[in-house]
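**Q** Just dropping this structure here.
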Amino acid sequence: MKRVLSGIQPSGQLHIGNYFGMMSRMIQYQEENELFCFIVDYHALTTINDRKKLESNTLNAAIDFLALGLDPQKVIFWIQSDVPQVTELTWLLSTVTNMGLLERATSYKDKTIRGIAANAGLFNYPILMAADILCFGGDIVPVGKDQKQHLEITRDIAQRFNNIYGDVFVIPEADINKSSQLIPGIDGQKMSKSYGNDIPIFDDEKKIQKRIMSITTDSTPIDEPKDKNTPLFQLYSLFLDEKGKQELRDRFDEPGLKYGEVKKELAETVLEYFHPYRDKREELSKNLDYVKQVLKEGAAKAAAEADTYLNEARRAMGLNYSG
Ligand code: TRP
């Protein structure tokens, strides 16, 4: 059985781009694989310095995941900082990581090019991510396309470590979701909270409706066929099976389609689709003790696994005097 592992940024309010980009895929993985899943609050510290915001984003991300169907019986699910072993492994790995590898990392390069002063944590971000993966022996790492380079860096670090100290780490494979880029926001650019073009999942229903009603459309006259390479068509398609998609294609091809009507339908579809999850989310947020218990148990299991890899790395490097 393959071990699948991924970390999720606690970035605030969840949107349907997050969901269809990777969360729903992760949740499917739980059925046939050993799944390790965690919220990366150590990574978030490289950009968030507000204690309340970090805490609430982290806990909310955990609640979102559970509400959307992550099953604690099947998955090891925890908050990254509850397993501090990864920070020790980060140090060990940093001693086999070339500076050049980090200088080339786009996460860091992008920020410095835009004149944002990067902290050392951001520079070391890829090593922490490598530690996240190597500490648990992840075989497969489902991530969005923007994380491809980080996975290559992880493989590089693992290979270098193994070459120097012997085979300690599993070399992980990235599982890049080809469709994750294709989820447009309401303006047709990639959906992102920072672009303000997202459709949130658990926000106030009226707000969600409003967002959907303001999806950008063109000015094709009603009595002409409509362009299907548009955010309205693509967003609606996410919720349809093959038959439904064919029907939607036909409707776009036929003259007479009114964008406003399609938007209204889409709004209803979205609300209906997430309705059960919304109820579940509400229940979970009233039951924080349960959520925290799940996270605590997950952290204990993850820590046991991390200790195994960490101790092996320590031994291989000559760092075990007391045991
Ligand atoms: N850097 C990833 C992102 O921004 C999050 C992440 C941290 C991660 N550690 C990880 C993803 C380990 C996969 C595996 O999305």
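**Q** Inside the stretch 273-299, can you point out the residues that are surrounded by 14 or more Cβ atoms within 10 Å (Cβ to Cβ) and among the aliphatic types (A, V, I, L, M)?
**A** Across the stretch 273-299, the qualifying residues are Leu284, Val291, Val294, Leu295, Ala299.
**Q** Let me ask something else. Identify, by number, the condition in (1) touching a residue at least 12 places away in the same chain (Cβ under 8 Å); (2) surrounded by fewer than 22 Cβ atoms within 10 Å (Cβ to Cβ); (3) within 16 Å of the ligand (Cβ to nearest atom) that Ile48 doesn't meet.
**A** Of everything listed in (1) touching a residue at least 12 places away in the same chain (Cβ under 8 Å); (2) surrounded by fewer than 22 Cβ atoms within 10 Å (Cβ to Cβ); (3) within 16 Å of the ligand (Cβ to nearest atom), Ile48 misses just condition (1).
**Q** Related question: For the stretch 60-77, check the following and say yes or no: at least one residue is assigned to a helix (DSSP H, G or I) and touching a Gly at 6+ places or on another chain (Cβ under 8 Å).
**A** Applying the first criterion (assigned to a helix (DSSP H, G or I)) to the stretch 60-77 yields 60-67.
Filter once more, keeping what is touching a Gly at 6+ places or on another chain (Cβ under 8 Å): 60.
The answer is yes; a qualifying residue exists.
**Q** Which one of these does Met129 not meet: (1) within 24 Å of the chain's Cα centre (by Cα); (2) more than 11 Å from the ligand (Cβ to nearest atom); (3) crowded, with 18+ Cβ neighbours inside 10 Å?
**A** (2)
**Q** Please go through the stretch 82-105 and pick out each residue that is in a helix (DSSP H, G or I) and under 30 Å from Gln293 (Cα atoms). Please lay out each step first, then the result.
**A** Taking the stretch 82-105 and keeping what is in a helix (DSSP H, G or I), we get 82, 85-94, 99-103.
Scanning the stretch 82-105 gives Asp82, Gln85, Val86, Thr87, Glu88, Leu89, Thr90, Trp91.
**Q** Given the residues Phe202, Phe233, Phe161, which is the only one that is over 30 Å from Thr90 (Cβ atoms) and in a helix (DSSP H, G or I)?
**A** After applying the criteria, what remains is Phe233.
**Q** Select from the stretch 14-45 the residues that are more than 12 Å from the ligand (Cβ to nearest atom), aromatic (Phe, Trp, Tyr) and touching a strand residue (DSSP E or B) at 6+ places or on another chain (Cβ under 6 Å) and list them in ascending order.
**A** Tyr29
**Q** Quick one: Thr154 ticks every box in (1) away from the ligand (no atom under 16 Å from the Cβ); (2) surrounded by 20 or more Cβ atoms within 10 Å (Cβ to Cβ) except a single one, so which number is it?
**A** (1)
**Q** Given the residues Asn177, Asn119, Asn163, which is the only one that is away from the ligand (no atom under 13 Å from the Cβ) and either outside the structural domain of Glu305 (by TED's automatic domain parsing) or touching a residue at least 40 places away in the same chain (Cβ under 8 Å) (or both)?
**A** Working: Asn177 fails: away from the ligand (no atom under 13 Å from the Cβ); Asn163 fails: either outside the structural domain of Glu305 (by TED's automatic domain parsing) or touching a residue at least 40 places away in the same chain (Cβ under 8 Å) (or both).
After applying the criteria, what remains is Asn119.
**Q** Return the pairs, sorted by first residue and then second, in which the second residue is part of a loop (DSSP other than H, G, I, E, B) and polar (S, T, N, Q), the first residue lies in the stretch 67-94 and is at negative phi and in contact (Cβ under 8 Å) with a residue 24 or more places away in the chain, the beta carbons are less than 8 Å apart, and the residues are 6+ apart or on different chains.
**A** Final answer for the pair search is Leu70/Gln30; Asp71/Gln30; Lys74/Gln30; Val75/Gln30.
**Q** With the requirement that a residue be free of Cβ contacts under 8 Å to residues at least 12 places away in the same chain and within 22 Å of the chain's Cα centre (by Cα), what does the stretch 280-299 give you?
**A** Glu282, Lys292
**Q** If you take the residues in the stretch 138-160 that are within 23 Å of Met99 (Cα to Cα) and in contact (Cβ under 8 Å) with a residue 60 or more places away in the chain, which one is nearest to the chain's Cα centre (by Cα)? Walk me through it before giving the result.
**A** Applying the first criterion (within 23 Å of Met99 (Cα to Cα)) to the stretch 138-160 yields 146-160.
Going one step further and asking which of them are in contact (Cβ under 8 Å) with a residue 60 or more places away in the chain, we end up with 157, 160.
Working: Ile157: 22, Arg160: 27 Å.
Here the residue is Ile157.
**Q** Which pairs have Cβ atoms under 9 Å, sit 6 or more apart or on different chains, and link a residue in the stretch 101-116 that is of a type in the set (Val, Ile, Thr) to one that is not in a helix (DSSP H, G or I)?
**A** Here the result reads Thr112/Ala118, each pair linking the stretch 101-116 to a residue that is not in a helix (DSSP H, G or I).
**Q** What number goes with the only condition from (1) assigned to a helix (DSSP H, G or I); (2) within 15 Å of the ligand (Cβ to nearest atom); (3) touching a helix residue (DSSP H, G or I) at 6+ places or on another chain (Cβ under 6 Å); (4) at pLDDT 95 or above that Tyr108 does not pass?
**A** It fails just one condition, (4).
**Q** Among (1) under 30 Å from Pro255 (Cβ atoms); (2) exposed (fewer than 13 other Cβ atoms within 10 Å of the Cβ); (3) charged (D, E, K, R), which single condition is Asp187 missing?
**A** (2)
**Q** Quick check on the stretch 1-13: of everything there that is more than 8 Å from the ligand (Cβ to nearest atom) and under 10 Å from the mean Cα position of the chain (by Cα), which residue is surrounded by the most Cβ atoms within 10 Å (Cβ to Cβ)? Full working, then the answer.
**A** Taking the stretch 1-13 as the starting set, the residues that turn out to be more than 8 Å from the ligand (Cβ to nearest atom) are 1-4, 10-13.
Checking which are under 10 Å from the mean Cα position of the chain (by Cα) leaves us with 10-11.
Working: Pro10: 23, Ser11: 17.
Step by step, filter the stretch 1-13, then rank; the result is Pro10.
**Q** Condition first: near the ligand (Cβ under 10 Å from one of its atoms) and in a helix (DSSP H, G or I). Now tell me which residues in the stretch 135-148 satisfy that.
**A** Correct list: Asp146, Gln147.
**Q** Now, a different point. Where residues in the stretch 164-190 are small (Gly, Ala, Ser) and not in a strand (DSSP E or B), which of them is modelled with the lowest pLDDT? Spell out the reasoning first.
**A** Of the residues in the stretch 164-190, the ones small (Gly, Ala, Ser) are 166, 174, 179-180, 185, 188.
Checking which are not in a strand (DSSP E or B) leaves us with 166, 179-180, 185, 188.
Details: Gly166: 98, Ser179: 62, Ser180: 56, Gly185: 95, Gly188: 93.
Ranking the qualifying residues of the stretch 164-190, first place goes to Ser180.
The values are calculated or read from the model by the stated rules, or taken from the named source; none is laboratory data. Quick caveat, the model's predicted, so the values are computed rather than measured. Glycine gets a Cβ as well: all are built from the backbone with ideal geometry, and neighbour counts include every protein chain shown.
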